[in-house]
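Structure first, then comments.
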Amino acid sequence: MGKRKATGTDKERAAAKPQRALRRGRPADIRKRAEILAAATEIFLDQGYAAGMDLIARRAGVSKVTVYAHFSSKAALFGAIIEELAGRLTRGIERLALDNLPPEQALQEVGRAYLTLALAPSSLALHRLIVAEAARNPALGRLIFASGPRSIIDTLGCYLQSRPELRIADPTLAAEQFLGMVLGHQQLGLLLTAKPAAMARREIESRVANAVKLFLRGCGRAS
């Protein structure tokens, strides 16, 4: 009995099989990748880059082969974690709707969000980890700066440039200096464990309000 000639319908079914399999596999793959990232994030923040991939695989409930199937190397996994953490930490600031706000209010909102972010335990842990690893792997330092501080500076700089009532020759530099005023030595104090507890919300509001006042006076505007 000869082979049945494949019809157009048969060919369409055959072509669709790999696509259906891929669609079935994608949610599981995405979920598995997220589980690996979550486990690795917890371990790296606790133990640093020296943490072993075997431990990460066990914490994620997968084999080490599965980890490497999602991330080509330990450095690639670490880089993905840094990018994810930095993006997660700065996303809220980037989403602030500043365009229609007057300078006093916009700067207060950005300053509050930035200082709260910088003093968060997760931010401090990430900062310590990056500083410890940046000398060995400068690319990680560049990645965190581009995904975190640089992104926030650019967001604020664009806003400052759009405000004709502010006399600012270099909006990017002005954004950097405003954020530096807001941050002060608070983050450094926590990083060096010189301060036992995070700053209260009322103190954050007060510090930011003072920075806004000084900044606007420097721009030729008194708040």
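Just to be sure before I move on: is Leu85 under 22 Å from Ala209 (Cβ atoms) and in contact (Cβ under 8 Å) with a residue 40 or more places away in the chain in the structure I sent?
no
Residues that are part of a helix (DSSP H, G or I), surrounded by 16 or more Cβ atoms within 10 Å (Cβ to Cβ) and at pLDDT 85 or above are absent from the range 81-102. Restricting the range 124-161 to residues that are assigned to a helix (DSSP H, G or I), polar (S, T, N, Q) and touching a residue at least 60 places away in the same chain (Cβ under 8 Å) leaves a set whose member that is farthest from Glu203 (Cα to Cα) is Ser147. Residue count for the range 200-217 under the criterion of being within 16 Å of His185 (Cα to Cα) and free of Cβ contacts under 8 Å to residues at least 40 places away in the same chain: the result is 4. Annotation note: of Gly141, Gly148, Gly184, the sole residue that is modelled with pLDDT of 85 or more, more than 19 Å from Pro102 (Cα to Cα) and either out of contact with any helix residue (DSSP H, G or I) (no Cβ under 9 Å at 6 or more places or on another chain) or assigned by TED's automatic domain parsing to the domain that holds Gly92 (or both) is Gly184.
Lys195 falls short on exactly one of the conditions (1) in a helix (DSSP H, G or I); (2) at pLDDT below 90; (3) in contact with a Gly (Cβ under 8 Å, 6 or more places away or on another chain), and that condition is (1).
The single condition among (1) modelled with pLDDT of 85 or more; (2) surrounded by 16 or more Cβ atoms within 10 Å (Cβ to Cβ); (3) farther than 23 Å from Arg207 by Cβ; (4) among the acidic types (Asp, Glu) that Glu109 does not satisfy is (3). Tallying residues that are among the polar types (S, T, N, Q), under 20 Å from Ala75 (Cα atoms) and surrounded by fewer than 17 Cβ atoms within 10 Å (Cβ to Cβ) within the range 121-169 yields 1.
The values are calculated or read from the model by the stated rules, or taken from the named source; none is laboratory data. None of the values given here were measured: they were computed from a predicted structure. Here the Cβ is made from the backbone with ideal geometry for all residues, glycine too, and neighbour counts use every protein chain on show.
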